[in-house]
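The values are calculated or read from the model by the stated rules, or taken from the named source; none is laboratory data. For clarity, every value in this text was computed on a predicted model and none was experimentally measured. Positions of Cβ are backbone-derived with ideal geometry, glycine not excepted, and every protein chain shown enters the neighbour counts.
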Amino acid sequence: MASIQQTPQGPVLVLKESALQQKGRDAQKNNIAAAKLVAELVRTSLGPRGMDKMLVDSLGDVTITNDGATILKEIDVQHPAAKMMVEISKTVDNEVGDGTTSSVVFGGALLAKAEELLEKDVHATVIIEGYQAAAEKALLLLTELAKQVGPSEKEILLKIAKTSMQSKLISEDSDMLSKLVVDSILQIVEKEAEGHRVDLDNIKVEKKAGGSIRNTQFIKGIVLDKEVVHSGMPTKIEKAKIALLNSALEIEKTEMSAEIRISDPTQMQMFLEEENRMLKSMVDKIHQIGANVLICQKGIDDIAQHYLAKQGILSVRRVKESDMTKLSKATGGRISSNIDDMTPKDLGAAELVEQRKVETDKWVFIEGCKNPKAITLLLRGGSQRVVDEVDRSMHDSLMVVKDVIEKPAVVAGGGAPEEFLASHLKEWANKFEGREQLAIKKYAEALEIIPLTIAENAGMDPINTMVTLRAKHSQGRKWTGIDARNTRVADMFSIDIIEPVAVKEQIIKSATEAACMILRIDDVIASSGGRGGGGRGPPMG
């Protein structure tokens, strides 16, 4: 057993009896194999002709997607090295939103190439140094390659949103949807001293199965998945003045247990009437400041509902705090905690507040806000699975448009920048005299996995395609990539396939760091069993 050391004084047991240990080359091989398997899992879903995966969880819930991050999140990965690959996709998803599949495929390729060098007895540290040098150079080359754009150039933003949708289920409707994405982001963008900032929390995404993807709407305001509390209230109010309240319209019960002794039945009556009077005065106050819509974060008492209905005030209760914040941004209203302190200045405004039926549910639409800093996208689709996938695809698309507004530089898609970097890195590698040269060349080969996979998934001949692609790049045609839709090698800029530089940078950083981290490991020690118990792990051979 690896954890027993034989000494003149007898055997020394360092690890628990049941601990598993893998050393040196075995540990490296095992980790690399696991990481490569994860990359293989998502590889077929890369590019416009990529396939989807159907994931079924332990409860039988089905997810159909080709979003790398979602695939890896849904499957329960056990191997520790494979978990690191899953983390890459999570990081890329959180940071830039798109490029999750590319990052995992590229990370897997880096490890596969490193394995070839390890077999030739190149030390892991040398490979890591070569990879890190190559990644730094690649980031510099990307900056040179990138095209600067104006953050408010709508044309460019539309092309970027559309490119992100090309590899998704919604590619057929990408013209319409990319317009919605760009409109919604331009609505909430905030100008700052050093550039622009986009907070995607200000875009509320509601989804409902039914209709088709084309029924997806952009609403200049907020949609609440609640219904009006009382049947006697109006369900449509134009020129709405909206009161936003985050305390309950109820009589607070006392904290202490108190008892009231009543000696006369009339006192009982007065006691009950006093409660009613207090609720009525609350409603009167809301009416006095001119509100005709009340959105309440907490509950509304039945009696208060009755008075609100009499005053013709449309009311919604138990609205989420995040929705209250968005409503405040959209309508310009201030959220009040105390009814007595409310003034007409605190009210928000909207052209229309209306309860509508969406499939079987009743939802309240607050729309036509003048200059809303929070808006809603209402996504529709033929079935729940479709709507869920539309939601994931729209998230990616919103993220890439945000990336470009915050860092206004773009490159072409279709594997063009990867091939550009690969060809330049191969030349640059020749300047190195040591073994890093080999690692840098392998890094360049690994970059080519992206155009190669896009071509393979489109059913193109991988060898012919890569030969043509390399030839075009050596002639200086830096925007040449794989046009998978028409299965040919073409200038990607001219066919409007454009991606943010931020995404490409994040892919390079995340994949390189994860690959280097896995290569550094030469010993895997798995202890098992409960504390003090031990012995539950698999037996050592």
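All conditions in (1) within 30 Å of Pro408 (Cα to Cα); (2) within 33 Å of the chain's Cα centre (by Cα); (3) in a loop (DSSP other than H, G, I, E, B) hold for Gly459, with the sole exception of (1). Filtered by the rule that a residue be without any contact (Cβ under 8 Å) to a residue 12 or more places away in the chain and within 14 Å of the chain's Cα centre (by Cα), the range 54-97 gives a lone residue, Asn94.
Here Ala458 meets each of (1) among the aliphatic types (A, V, I, L, M); (2) touching a Ser or Thr at 6+ places or on another chain (Cβ under 9 Å); (3) buried (at least 20 other Cβ atoms within 10 Å of the Cβ) with one exception, condition (3). Take the conditions (1) surrounded by 22 or more Cβ atoms within 10 Å (Cβ to Cβ); (2) part of a helix (DSSP H, G or I); (3) not small (Gly, Ala, Ser); Asp98 misses just one of them, which is (2). For the range 245-275, a residue qualifies if it is more than 25 Å from Ser337 (Cα to Cα) and in a loop (DSSP other than H, G, I, E, B), and the qualifying residues are Ser257, Ala258, Glu259, Ile260, Arg261, Ile262, Ser263, Asp264.
Quick check on Ala350: is it touching a Cys at 6+ places or on another chain (Cβ under 7 Å) and either touching a residue at least 60 places away in the same chain (Cβ under 8 Å) or buried (at least 19 other Cβ atoms within 10 Å of the Cβ) (or both)? Yes: the conditions hold for Ala350. If you go through the range 308-343 and keep only what is assigned to a loop (DSSP other than H, G, I, E, B) and farther than 23 Å from Asp225 by Cβ, you end up with Gly312, Arg334, Ser337, Asn338, Met342, Thr343. Considering each residue of the range 140-162, count those that are exposed (fewer than 14 other Cβ atoms within 10 Å of the Cβ) and among the basic types (Lys, Arg), and give that number. The number of residues fulfilling the criteria is 1.
None of Leu308, Leu279, Leu272, Leu294 is within 30 Å of Leu200 (Cβ to Cβ) and in the same structural domain as Asp341 (by TED's automatic domain parsing) except Leu294. Answer with yes or no whether Arg356 is in contact with a strand residue (DSSP E or B) (Cβ under 6 Å, 6 or more places away or on another chain), among the charged types (D, E, K, R) and in a strand (DSSP E or B). When the stated conditions are applied, Arg356 passes them.
Yes or no, residue by residue, for (1) of a type in the set (S, T, N, Q); (2) within 30 Å of Asn30 (Cα to Cα):
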position: Val122; (1), (2): no, yes
position: Ile128; (1), (2): no, yes
position: Ala138; (1), (2): no, yes
position: Val149; (1), (2): no, no
position: Ser152; (1), (2): yes, no
position: Ser171; (1), (2): yes, no
position: Lys179; (1), (2): no, no
position: Lys191; (1), (2): no, no
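Tallying residues that are closer than 18 Å to Leu352 by Cα and buried (at least 24 other Cβ atoms within 10 Å of the Cβ) within the range 297-315 yields 2.
Scanning the range 466-485 for residues that are under 33 Å from the mean Cα position of the chain (by Cα) and buried (at least 17 other Cβ atoms within 10 Å of the Cβ) returns Met466, Leu469, Lys478, Trp479, Thr480, Gly481, Ile482, Asp483, Ala484. Across the range 360-376, the qualifying residues are those that are crowded, with 23+ Cβ neighbours inside 10 Å and not in a loop (DSSP other than H, G, I, E, B), and the one among them that is farthest from the chain's Cα centre (by Cα) is Ile366. Total residues in the range 436-458 satisfying the condition of being in contact with a Leu (Cβ under 8 Å, 6 or more places away or on another chain), in contact (Cβ under 8 Å) with a residue 24 or more places away in the chain and within 13 Å of Ala134 (Cα to Cα): the figure is 8. Consider the range 185-219 and keep the residues that are closer than 21 Å to Lys370 by Cβ and among the polar types (S, T, N, Q). The one that is surrounded by the most Cβ atoms within 10 Å (Cβ to Cβ) is Asn202.
Quick one: in the range 41-53, of everything that is within 19 Å of the chain's Cα centre (by Cα) and part of a loop (DSSP other than H, G, I, E, B), which residue is surrounded by the fewest Cβ atoms within 10 Å (Cβ to Cβ)? Filtering first and then ranking leaves Asp52.
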